[in-house]
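First comes the structure, then the notes that go with it.
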Amino acid sequence: MHVVSWASLGAMATALGAMPAMAADAPPDPTIVVTAPSTTPFDLAPAVDKIGTSLFDSSRSIQVVQRELIDQQGATQLRDTLRNVSGLVQGGQFSFGFYDRFVSRGLNVTFLNDGLPDTTSDLGGYVHGLTGVERVEVLKGPGSALFGTTAPGGTINLVHYRPTDTFAVNGALQYGSFETITANASLNAPLASGVSARLDGGFQHSDGQRGRRNKTGEVYGSLGFHPANHDIIARLEYHRIEIRPDSIGLPFSPPSGTGLPADVDRGNRYYTPFAYADQTIKRAFLSDAWTLNESLVVNLRAAYTDRDVDLARNAGGRLTAAGSTYSLTGRQLRQQTDNIHDFVVQAEPTWHFSAGAMPVTLLAGFEYRKVSATTRRATADLPNIADIRAPVTPETSLAALNFLCDRSHSCNDADIDGRFHGLYAMAQIDLTPRLKLRLSGREDWFRTSAEGRSAIPVNPGSEHPCDPPQATTCAFVPGQPVVRKDDRFEWDVGAVYQLADAFALFGGYASNSYPIFNTEEPQSIGQVPEKGTQIEAGLRVRQDKWLALSSSLFRTTRKNVYTIILVDNLDVSQVFSYRVKGWETDLTLRPVPAWNIIANFTLQDPVLVDYPQNPGQIGNRVPSVPKRIGNVWTSYDLALPEAVGTLQFAAGLRYRSAYFGDTGETRTLPGATMIDLSAALLHGPWTVRAGVSNIGDKRNYDYAAGTGSGAIPGQGRTFFVSLAAKAL
């Protein structure tokens, strides 16, 4: 396995140490400017909206997490920022501990990297760091009319810093619980007239809660070119991610493994100690904003990603009575290797013109994407854990295990391929200065296929309906690809009406199609694409810089949800549908210039509406969707004598109600309320910050793990201290 070099940490520390001298060359600035972050910056035109409309004039709910707020909270990974977005939580039908899996408004989300697809699907991605990230944008609800093959819950777009013509050096070093060290550094420099460069690097090493260690290194190298009428960005990325995943968590209560998580020490480990999930990601990105005239700009974007995945994760497990205690039996370990190649290109001309007295912005676009991958998996049986209250994992090494591929051991060996073409258009029309209309439509053509690379037995990890139909399923075999073709039209319509400069109503409808295509479940290829819809209506209020409020009612649906449940440790495919009704509110309040409050609250009602394999569960709650979610973050800036700087105090509250971990409502993850505190000293280019999360050490759970497994414990009381510097 590759190893991330500690030399990267030393290089960043050296850069950080050199900053005082660089800063000293510049004349001192006696003014310390402290700005107040907002998750609803109404004047901002987020990139995830594509068309350049400000948030206040958008007919969709969009939120933005800015870098200042990320740093205030000591966030080092994307999942650390979820608290700032209403209705966004960790979880989903499959969460195995080595990739980001989020749910918004009760539905899964898709990830973008500067506007282009980031991974093959929401299932089987990677843990996103925040190196070089300027802001995180979140579009709520279906995004197919804008982005094509997206999950129906929303779209998360990571926007990275661009090279500028100003020389700047930044660095940060953070230390926290579980021996977690995070280092980041960036260098921006003009190279010539119209040419600039930027380099961002990040490194993190952590022993991890409950031994879930991780080691991550990321490098982004960007060049900016600005010849006449062009704005060109070229970037190369490299990511190395090494994680020990816990896909088991803590078992649910005996005797049946249902109810609440078992009352055992939350430090107990039931996963294989040599489990691993290592990924290497290389990506090339190119974009050009080509201005042909004052009315027409053509945006061209392309990216190529090469991703290698090598992992071994736990699966299955059930409680079995063993005298006065219970054993964990039926344990397995799945070993898998994937190699994924992902190419995407977009061309989007955007016109600005007037239709009579009505200003119009019209975007037309074409997208082509090709994803090709190979995946291979085998499964080994593991010894029982004799006592769940004093667990000892008997397996001693990976080499001692016998990995099998047969009817009782999930396996695959396949090539999978996806080709996606899309034609789309969207328009923003100012019918009057106060009434604005948004129309979007997109036609997509999907072709997905899977083909065996070797002859393997039929098993739940590699099977599909036979052609011609038979009473049993058939395995993927070489030379006989299973192919599915679909063409779908999705659309989005909405409007905004400003009752006054400070008050607007908005609403709309959006639809979604999502072909089921990933390396985790190649047997899903050939299934009908998922379909989603959203109806939304809300209001926005703004008042100078002290108030920003966005509140909306919504109804979302998700149909043809392909899932897998474990029956006697075998994967069994099932399909269900559900809907979620809810209300969300996001508030940014600044009562006085020094005091900033960011808060959100979500109330939602998720219900299963169709489940052919288990009709008795219709009407049950949807797993991984809490009924209530609430978050508050507040900061206060205290101006000290000029020679000292500004002292910033911050506090946060996180709340999530109880929710179910399965469609049968047999497993419950209890809710929790947690409080966080932090303080920082800002002095010139320097920021020293320290914080404590979950100060009351409240027991909490991130999500229910995988298929048929336990509950993943959330963080207990943790701390961090950091030092950051900027030199211009």
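The values are calculated or read from the model by the stated rules, or taken from the named source; none is laboratory data. Predicted model, so just to flag it, every value in this text is computed and none were measured. No Cβ is skipped: glycine too gets one built from the backbone with ideal geometry, and neighbour counts run over all protein chains shown.
Below, the figures for the structure above:
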item	result
Enumeration of residues in segment 386-406 that are surrounded by 12 or more Cβ atoms within 10 Å (Cβ to Cβ) and either closer than 21 Å to residue 310 by Cβ or in contact (Cβ under 8 Å) with a residue 60 or more places away in the chain (or both)	386, 387, 388, 389, 391, 393, 395, 398, 401, 403, 404, 405
Residue in segment 133-145 that is crowded, with 22+ Cβ neighbours inside 10 Å, modelled with pLDDT under 90 and touching a Ser or Thr at 6+ places or on another chain (Cβ under 7 Å) present	no
Residues satisfying the stated conditions in segment 168-185, i.e. among the small types (Gly, Ala, Ser), over 30 Å from residue 716 (Cβ atoms) and surrounded by fewer than 21 Cβ atoms within 10 Å (Cβ to Cβ)	168
Unique residue being among the polar types (S, T, N, Q), without any contact (Cβ under 8 Å) to a residue 40 or more places away in the chain and out of contact with any helix residue (DSSP H, G or I) (no Cβ under 9 Å at 6 or more places or on another chain) when the list is 287, 253, 327	253
Extreme residue, nearest to residue 597 (Cα to Cα), among residues of segment 81-100 that are in contact (Cβ under 8 Å) with a residue 24 or more places away in the chain and in a helix (DSSP H, G or I)	84
Looking only at segment 228-243, and only at residues there that are under 19 Å from residue 115 (Cβ atoms), buried (at least 21 other Cβ atoms within 10 Å of the Cβ) and among the charged types (D, E, K, R), the one that is nearest to the chain's Cα centre (by Cα)	237
Residue match in segment 335-348 (condition: among the polar types (S, T, N, Q), in contact with a His (Cβ under 9 Å, 6 or more places away or on another chain) and either within 30 Å of residue 435 (Cβ to Cβ) or in a strand (DSSP E or B) (or both))	no
Residue that is in a strand (DSSP E or B) and either of a type in the set (Asp, Glu) or surrounded by 24 or more Cβ atoms within 10 Å (Cβ to Cβ) (or both), where the choices are 602, 585, 557	602
Residue that is part of a strand (DSSP E or B) and either on the phi > 0 side of the Ramachandran plot or aromatic (Phe, Trp, Tyr) (or both), where the choices are 274, 353	353
Filter result for residue 193 (farther than 18 Å from residue 691 by Cβ and of a type in the set (Ser, Thr, Tyr))	yes
Options 444, 430, 487, 417; residue that is modelled with pLDDT of 90 or more, in contact with a Pro (Cβ under 6 Å, 6 or more places away or on another chain) and farther than 30 Å from residue 328 by Cα	430
The listed residue being without any contact (Cβ under 8 Å) to a residue 40 or more places away in the chain and surrounded by 16 or more Cβ atoms within 10 Å (Cβ to Cβ), out of 203, 225	225
Subset of segment 74-112 (residues that are closer than 15 Å to residue 133 by Cα and either of a type in the set (Ser, Thr, Tyr) or touching a helix residue (DSSP H, G or I) at 6+ places or on another chain (Cβ under 9 Å) (or both))	74, 75, 76, 80, 81, 111, 112
Residues satisfying the stated conditions in segment 680-705, i.e. in contact with a Leu (Cβ under 7 Å, 6 or more places away or on another chain), surrounded by fewer than 20 Cβ atoms within 10 Å (Cβ to Cβ) and in a strand (DSSP E or B)	681, 688, 692
Test set (1) in a strand (DSSP E or B); (2) in contact with a Phe, Trp or Tyr (Cβ under 8 Å, 6 or more places away or on another chain) - residue 516 fails condition number	(1)
Filter result for the condition that a residue is assigned to a strand (DSSP E or B), crowded, with 20+ Cβ neighbours inside 10 Å and not hydroxyl-bearing (Ser, Thr, Tyr), over 300, 328, 362	328
Output for segment 560-573, where each listed residue is in a strand (DSSP E or B), modelled with pLDDT under 80 and polar (S, T, N, Q)	563, 573
Residue match in segment 477-488 (condition: over 30 Å from residue 590 (Cβ atoms), in a strand (DSSP E or B) and of a type in the set (S, T, N, Q))	yes
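Residues are listed down the side, and each one gets a yes or a no for (1) in contact with a Gly (Cβ under 9 Å, 6 or more places away or on another chain); (2) aromatic (Phe, Trp, Tyr); (3) at pLDDT below 95:
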residue	(1), (2), (3)
59	yes, no, no
63	no, no, no
89	no, no, yes
96	yes, yes, yes
106	yes, no, yes
118	yes, no, yes
121	no, no, yes
125	no, no, yes
